[in-house]
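A short worksheet on the structure shown next.
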Amino acid sequence: EYNDVVQNGFEFGGKNLHLKIHSLVCHTLARAFVKKVKSYSGYHGCDKCVQTGQWNGKMTFPEVNAALRTDQSFSQMLDEDHHLGHSPFCDIQLGMVTQFPIDYMHLVCLGVMKRILIMWIKGPLQCRLGSRDIGEISNQMVALKDFIPCEFARKPRSLKDIDRWKATEFTQFLLYTGPVVLSQILHPNLYKHFLLLFVGIHILINTSLCQMYNDYAEELLKTFVTHFYHIYGIDMAVYNVHCLVHLAKDAKRYGS
């Protein structure tokens, strides 16, 4: 049906119009389903690079500079272990790697940022914060309520409510309130590590900076991911964290 519209166009308002797919945005499981490839839990589950995952109690992808997949290598099924079958999308003029950008909301907001906060609250001892520090962060967050402008959909909430936080709240913490409230509470190493993510994502969501400083943002996020494994453990090198290293290239192609 799509191929017919591409070749022959369609009539609308007395004009013959043509259609072209810009990109397909799906969360991780949906992306694997429509592409008919292994999901993030498989050894060949990364849909952006060809590294083989490692089992550390869960599937992990510790490399940050692995060879990248291409539209051509995908169409030729060069990595047989990555594919589960033939996707119908392969029958149209669509880049099966480049035109499936990573979903920012699930990857960064509901993924990495939420994971970090939960590990600070109840994670391994080497990165868990004390109850006094958690309480102080929560108090400072709540104290900011009166100073949050109406452009923000939600006011800051305590970390006690983190299981009910929405994606916009994690974004707000990462890009606005977090760098302020954490500066005097977190250990300097943890804080500087958090700032790598903050600056990298800030660049990529900015319409003018995401092209100008794209390479720098990619370097920051790769550094963040590398140190993430040292701070939180190699078993935390899961798909969500790993895909940060591929985020800058999607922003370079599609914008902020």
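Selection of segment 123-135 for residues being open to solvent by less than 80 Å² (accessible area, probe 1.4 Å), closer than 15 Å to residue 187 by Cα and touching a residue at least 40 places away in the same chain (Cβ under 8 Å) yields 127, 129, 133. Determine whether segment 70-78 contains at least one residue that is buried (at least 16 other Cβ atoms within 10 Å of the Cβ) and touching a helix residue (DSSP H, G or I) at 6+ places or on another chain (Cβ under 6 Å). No, because not a single residue in segment 70-78 is buried (at least 16 other Cβ atoms within 10 Å of the Cβ) and touching a helix residue (DSSP H, G or I) at 6+ places or on another chain (Cβ under 6 Å). Within segment 177-196, residues that are under 20 Å from residue 148 (Cβ atoms) have Cβ atoms under 6 Å from residues that are open to solvent by 40 Å² or more (accessible area, probe 1.4 Å) and in a loop (DSSP other than H, G, I, E, B) in these pairs: 177/144, counting only partners at least 6 apart in sequence or on another chain.
Have a look at 170, 147 and point out the one that is of a type outside the set (Gly, Ala, Ser), out of contact with any Phe, Trp or Tyr (no Cβ under 9 Å at 6 or more places or on another chain) and at pLDDT below 95.
Working: 170 fails: at pLDDT below 95.
One residue alone meets the criteria, 147.
So, of the residues in segment 176-191 that are surrounded by fewer than 16 Cβ atoms within 10 Å (Cβ to Cβ) and either of a type in the set (S, T, N, Q) or in contact with a His (Cβ under 9 Å, 6 or more places away or on another chain) (or both), which turns out to be farthest from residue 110 (Cα to Cα)? Across segment 176-191, the extreme among qualifying residues is 184. When residue 142 is tested against the conditions (1) surrounded by fewer than 19 Cβ atoms within 10 Å (Cβ to Cβ); (2) of a type in the set (A, V, I, L, M); (3) within 29 Å of residue 29 (Cα to Cα), the lone failure is (3).
Out of the residues in segment 21-59 that are in contact with a strand residue (DSSP E or B) (Cβ under 9 Å, 6 or more places away or on another chain) and open to solvent by 40 Å² or more (accessible area, probe 1.4 Å), which is farthest from residue 242 (Cα to Cα)? Among those that are in contact with a strand residue (DSSP E or B) (Cβ under 9 Å, 6 or more places away or on another chain) and open to solvent by 40 Å² or more (accessible area, probe 1.4 Å), it is 36.
Only one of the listed residues (9, 57, 45, 13) is farther than 18 Å from residue 105 by Cβ, touching a residue at least 12 places away in the same chain (Cβ under 8 Å) and more than 19 Å from the chain's Cα centre (by Cα). That residue is 57. Of the residues 8, 16, the single one that is among the polar types (S, T, N, Q) and open to solvent by 80 Å² or more (accessible area, probe 1.4 Å) is 8.
The values are calculated or read from the model by the stated rules, or taken from the named source; none is laboratory data. This structure is a prediction, so every number in the text was calculated from the model and none was measured. Backbone-built Cβ (ideal geometry, glycine too); neighbour counts: all protein chains shown. Heavy atoms of the whole protein, side chains included, go into the accessibility calculation; ligands, DNA and RNA do not. Shrake-Rupley method; radii C 1.70, N 1.55, O 1.52, S 1.80 Å.
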